[in-house]
Amino acid sequence: MSNHRTDRIRFILDGTVIELRNVDPTRTVLQYLREDLHRTGSKEGCAEGDCGACTVVLAEVGKDNRLHARAINACIQFLPTLDGKELLTVESLRGSDGSLHPVQQAMVNCHGSQCGFCTPGFVMSLFALYKNAQSPSRVTIDNALAGNLCRCTGYRPIVDAARAMYGCASERSDNWLLAACSSGPASSDEKRRVERLQSIQHGDTVALEYGAKRYFAPRSCNELAELLGAWPDARLLAGGTDVGLWVTKQHRELDTVIYTGRVTELCGQGVADDAINIGAAVTLAEAMPLLLRHFPALHELLLRFASPPIRNAGTLGGNVANGSPIGDSMPALLVADACLRLRSANGTRELPLAKFYLDYQKNALRTGEFVEQIIIPLPSAGDELRTYKISKRFDQDISAVCGAYRLRFDDDGRIVEARIAYGGLAATPRRAHRCEAVLQGALPSTDLTHKAQQALREDFEPISDMRASDQYRRQVAGNLLQRLFMDISAAQSGAELTGIYEYGRAREA
Amino acid sequence: MDAHAKPDAGGSVAGAAGSAIPHDSSHLHVSGEATYTDDIPEPRGVLHLAVGMSTRPHARIVAMDFDAVRRAPGVVEVLTADDIPGDNNCGPVVADDPILAPGLVQYVGQAVFAVAAHTVEQARKAVALARIEYEDLEPVLDIPTAIATGSFVLPTETLERGDTAAALDKAAHRLRGELALGGQDQFYLEGQIALALPREDGDLFVYSSTQHPGEVQHLVAHSLRRHSKDVVVECRRMGGAFGGKESQAALIACIAGLMADRTRKPCKLRLDRDVDMLMTGKRHDFIIHYDVGFDDNGRIEGIDFMFASRCGMSADLSGAINDRTMFHCDNAYYLPNVKILSHRCKTHTVSNTAFRGFGGPQGMFGIEYAIDDIARYLRKDPLEVRRANYYGVGQRNVTPYQQVVDDNILEEITQKLVRTSDYAERRAEVREFNAQSPVLKRGLAFTPVKFGISFTATHLNQAGALLHVYTDGTVHLNHGGTEMGQGLFTKVAQVVADELQIDVERIKITASDTSKVPNASATAASSGTDLNGKAAQAAAQTIKARLTRFAAEHFRVAESAVVFRNNAVQAGDATVSFAELAKMAWFARVPLSSTGFYSTPKINYDRSTFSGRPFYYFAYGAAVSEVIIDTLTGEYRTLRVDILHDCGRSLNPAIDMGQIEGGFIQGVGWLTSEELWWNDQGELKTHAPSTYKIPVCSDVPEDFRVEILESGLNREDTVFRSKAVGEPPLMLGLSVFYALRDAIAAVGPDGCLPGLRAPATPEAVLAAVSAVRATQ
């Protein structure tokens, strides 16, 4: 039943199909660009996907047969995952006559560069914005640039460039690169690019060997299960936003890598049986609109979840399977009573997420087993869901504390179901059972909040580290209960109550 | 007529002084073509280096075993302190900074050995295979321990004017404070890097990302037991520096140079971000005590300051940095009786170094805190107390170090900014909002900046330039300054363009190069344009004088009748293009190359008494910031910022604006989200952007109103009467800190003095809120 295998990858760079065999599975796209191609426009600022100096854009053909562009961090993206995609770097943007791209011209005109080292990354993030939004608000611009650090400018001129770039475009061009986001028909250039990309799509399983190292990109869950059976020590690779750091920071050798991003079943998502089902390889960026449709209260959390390049590569499945105590998706998934569908060569089983985490970086996955799907029951009427993320910096930061809350009230205003979960307070993200028990069946009151806060102190024994002290974590976790009841009562009385993150800022339409 | 020239008697040249032209490299930045050191095509046989770091804060090295390192794939050489032929030192002032640890390690992250391999990955992997045995010694890890045990890198200094003790005793009111102020990583986006190429006869050519090529040259030469003439250092541009590549770049260049010399191969050392942050110095953190006496109006009668900084394991530039703290703890205020005690603490942590502001920001933080306290204690608007203490004009105008403040424009700036920012109305609005909002509180603060311009070490205030004019009238420009993004190269080119009256495109800006301009000072102290602009102008004037003399003779007119204007030269009735004149002069054997030199006039300063005139002039500015805090979590946002800053007569308003805004945001980062966190083992745990949080786009207020003072004019004879702008705006960021403190104070009763540490992370803000609430 094994799929046909190929020992090469193909991707497009500047209109040329690049075909590679003998690829080191964990060679990063940035290493490939800078060291192999001597294409040095993309910079290394941190090698961990946090500064954005390496930002490049991947273009892929969507289900609508249009070309879609997304920014990613080249520093932690492994080269073989480019298979079937078009890679655009800062060098791709200049016209053949040497003219600057509208994004580049806007950056020059607005004085958006000083030392210039972060600039290629900004240009590529702005290019992705240029292709994906039409007249972006400040919030949209901030979000698009959340993964790019600039130490010189103070960002104001870059924000100006993000607005001015649309005006720097010459009249509608046939060049897909030059055309800003539009709902119009595809240009002939775009069609050419789509055709070229389609010509390198294939149904084969990629199986690369590089010395003693192996890389597989299977197409089906069956095959993935089979490969995991054959290579029990293999490292599953999804977005690589964490595994990438094992290589660039810890210099770990990964002998066998199995990439989930081409497994058809893992790339799907939808709503069925009163639940949202998200395949384990669905990126965070892809999952966000579906999640927001059913859980609008996740708006701020998802906006502040890492950065666009990370969300464009990283997956919800990866965040969940990784099980970091400070992963931002899990508290919300825990209070939503999410389940995981786990799969192996022996079949599938479902496990509540609350039972998945055993201890620090230990989970319930058996050998040969992988996460296939995250199943999130749709909220019921009367559910009040809230999430709060507390970090030193609003954007692209890791939580000191992340709290998620789902309370169901009856008509008398009594809490009939309470789900409370926190990240950042224990070795794994987990529920606050004592706190939940206090709330269960009670009517909200100042006294109840105090009791719940007291119970919460018994639920968790947080630690002190560089992100926050144990004392702060404890205090904030308790205060967030107060914030929760304030927000719920404000919402019930129709009063608008914005959190500090959005204070005074116009939210996107 | 030269085809390229566009003589037009009425117009002016492109890029003349004062024009807002883009950064000279902007088109290269945006297209990825700007070449940084790591982008230079690697020479044949290049080796890549990695550095093995100490894992102990203070220990003797008992044994080192590199067998596994040497056996690792691709490894070519291992280098330790014993292999250094010359001085094992990269300290800029005091020779106490070993390149590689000589048997004793003094901080976690200190360079112990270096490995050369064929690839970066090989070198970095091999480093981890070394076996190093340590014998731990007692470390000093914080400032209080250092003070208690008398652990200092340099002697404690005192500056006193008047009788502070008597003034404190007599004063109507007296307050004391103890403040904690964190450090800051430079976080230049381009990490430290050097590429060293062996040349014939043992010479070396070094590409170094450095603010101070001359010092790198000297230190590399001396580490090799060679001479300055044997080493050339070049730097076209840095991907940011902010002081972090003033002295610290030498360590990286020395290691690359030593390995290149030993292997006779080109050697490149590029630090990974984590290694960079662990191994290289940062802004000094401080503990500050003050004891202040004042009258009913809040006017200071006497103040006694104690500043204690964490210098780390060596002196580095800590002497001058702490001196500058002493020089700036007056900020904009007249301190009639003042005593300043400055401890330079030795700790077993990385040696702290220059960072934009160079100790000045920490001094200002101290006085602003004291003034804020005075105002709160007296239940006055802090702005009122600030103004009551401003330096006067013609009186109350002598600094604690005896320099007369004779260019004071504080009141002018304050009046304008108070008006344009609607300070009074917004003060009332904030009060009203806070009265009605139990959880969210707003805060508003106005803070001024007065910053002294010049290196306090007088001898550093010199610069050289080298200028060639070619026969086609184009110009090759070189000077001792370095380009780190601040736009220095652009501004100096504008000065030359204006002086020679040629379009700036006709000037080739070239890399800093120790073989063109010798012994240049570091590009630091905001002085890059002041010094190098003047030096380049002098070179241009020399050539212009020669061309004038030649034209006068050639066209038989008086020299006064020769006018350079807009790419052309008029000599009486004759007009020739600049290029034509250059060619004619060449035929006539007139030298078309010149050096230029500049040394800052008027300054003199006696360090033994801390008195004199260390600064040529002062730069001024002010900011009004408004914030909102969440008293449940300590989170906050900056809602609006208004800035008015003095650039003298700006050479390039666009570039100066970039310095003001960028400096401000960097200052805000220092005082808010950027937290350096060490564990009790002396290990820095915030050594990458995942844990060390500099401001991002969304941290910049949407309502951000920045103005350059239109009437700005340097009273001193600086280049085109401009003012230095690199460092002063950083300290405008203090306004955000004091706005946060204002918001926190709104939680308590009038007159409360919230204790807020810096950086004011959400945790620090919540702690301050809780402390205020606990006292109620």
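Details
- With a 10 Å cut-off around each Cβ of A:461-469, the average count of Cβ atoms from other chains is 4.
- Chain B, relative contact order in percent, only Cα pairs under 8 angstrom and at least six apart counted: 16 percent
- Theoretical FRET efficiency, 1/(1+(r/R0)^6), r = Cβ-Cβ of A:R366 and A:E209, R0 35 Å, to 0.05: 0.80
- Computed from the C-beta positions of B:S437 and A:L351, the FRET efficiency with R₀ = 51 Å rounds to 0.70.
- Under a 5 Å amide H cut-off, with hydrogens placed 1.01 Å from N, B:V94 pairs with B:D316 among residues at least 5 apart or on other chains.
- Scaled against the 2.2 N^0.38 Å expected of a compact globular protein of N residues, the Cα radius of gyration of region A:239-317 reads 1.24.
- Other residues whose C-beta falls under 13 angstrom from the C-beta of B:A59 contribute a net charge of -2, scoring Lys and Arg +1 and Asp and Glu -1.
- Gap separating the Cα centres of region A:246-287 and region B:300-322, nearest whole Å: 53 Å
- Three-way shape call for region A:9-199 based on the alpha-carbon gyration tensor, with the a/c threshold at 1.5: oblate
- Global form of region A:106-252, assessed from the alpha-carbon gyration tensor, a/c cut-off 1.5: oblate
- In terms of the mean number of neighbouring beta-carbon atoms within 10 Å, the peptides B:656-664, B:639-647 order highest first as B:656-664, B:639-647.
- The mean number of partner chain beta-carbon atoms within 10 angstrom of a residue's beta-carbon across peptide A:129-139 is 1.
- Mean Cβ count within 10 Å, highest first, over the residues of peptides A:484-495, A:200-211, B:314-325, B:176-187: B:314-325, B:176-187, A:200-211, A:484-495
- Descending principal axes extents, the protein assembly as shown, alpha-carbon based, whole Å: 98, 76, 69
- Extension gain from B:T420 to B:K602, taking 0.36 nm per residue of separation minus the Cα-Cα distance: 61.9 nm
- The mean count of C-beta atoms from other chains within 10 Å of the C-beta of residues in B:761-774, rounded to a whole number, is 3.
- Applying 0.36 nm per residue to the separation of B:A128 and B:A166 and subtracting their alpha-carbon distance, the gain on full extension is 7.7 nm.
- For region B:558-673, the Kirkwood radius over C-alpha pairs fed into Stokes-Einstein at 4 °C and 1.567 mPa s yields D = 63 µm² per second.
- Rg then Dmax, both in Å and based on the Cα atoms of chain B: 27.3, 88.
- Zone residues, region A:278-297, relative to A:A491, backbone N less than 14 Å from point 7 Å out along Cα-to-Cβ: A:292-297
- Cα gyration tensor shape of region A:268-504, rounded if a/c is under 1.5, else prolate or oblate by comparing a/b with b/c: rounded
- Pairs of Cα atoms farther than 44 Å apart, chain A, %: 16 percent
- The slack in the chain from A:L448 to A:D174, taken as 0.36 nm per residue of separation less the alpha-carbon distance, amounts to 92.3 nm.
- Computed FRET value (nearest 0.05) for A:Y503 with A:S183, which takes r as the C-beta separation and R₀ as 45 Å: 0.85
- Average projection, convex hull of the Cα set of region B:266-361: 7.9 square nanometres.
- Relative packing of A:91-102, B:443-454, which averages over residues the other C-beta atoms within 10 Å, highest first: B:443-454, A:91-102
- For A:F117, B:F305, the sequence from fewest to most other C-beta atoms within 10 Å is B:F305, A:F117.
- Counting every other Cβ atom within 10 Å of each residue's Cβ, A:E35, B:E675 order from fewest to most as A:E35, B:E675.
- Acute angle (nearest 10 degrees) that the helix A:188-199 long axis makes with the longest principal axis of chain A, alpha-carbon atoms: 80 degrees
- Over the residues of chain B, the helix contribution to mean residue ellipticity at 222 nm works out to -8500 deg cm²/dmol, using -39500 (n - 2.57) for each DSSP H run of at least 4.
- Distance between the 7 Å Cα→Cβ label points at A:H294 and B:D703: 4.1 nm.
- Exposure proxy order (Cβ contacts within 10 Å, fewest to most) of B:I303, B:I252, A:I500: A:I500, B:I303, B:I252
Where a number appears in this text, it was derived from the coordinates with a stated rule and is not lab data. None of the values given here were measured: they were computed from a predicted structure. Backbone-built Cβ (ideal geometry, glycine too); neighbour counts: all protein chains shown.
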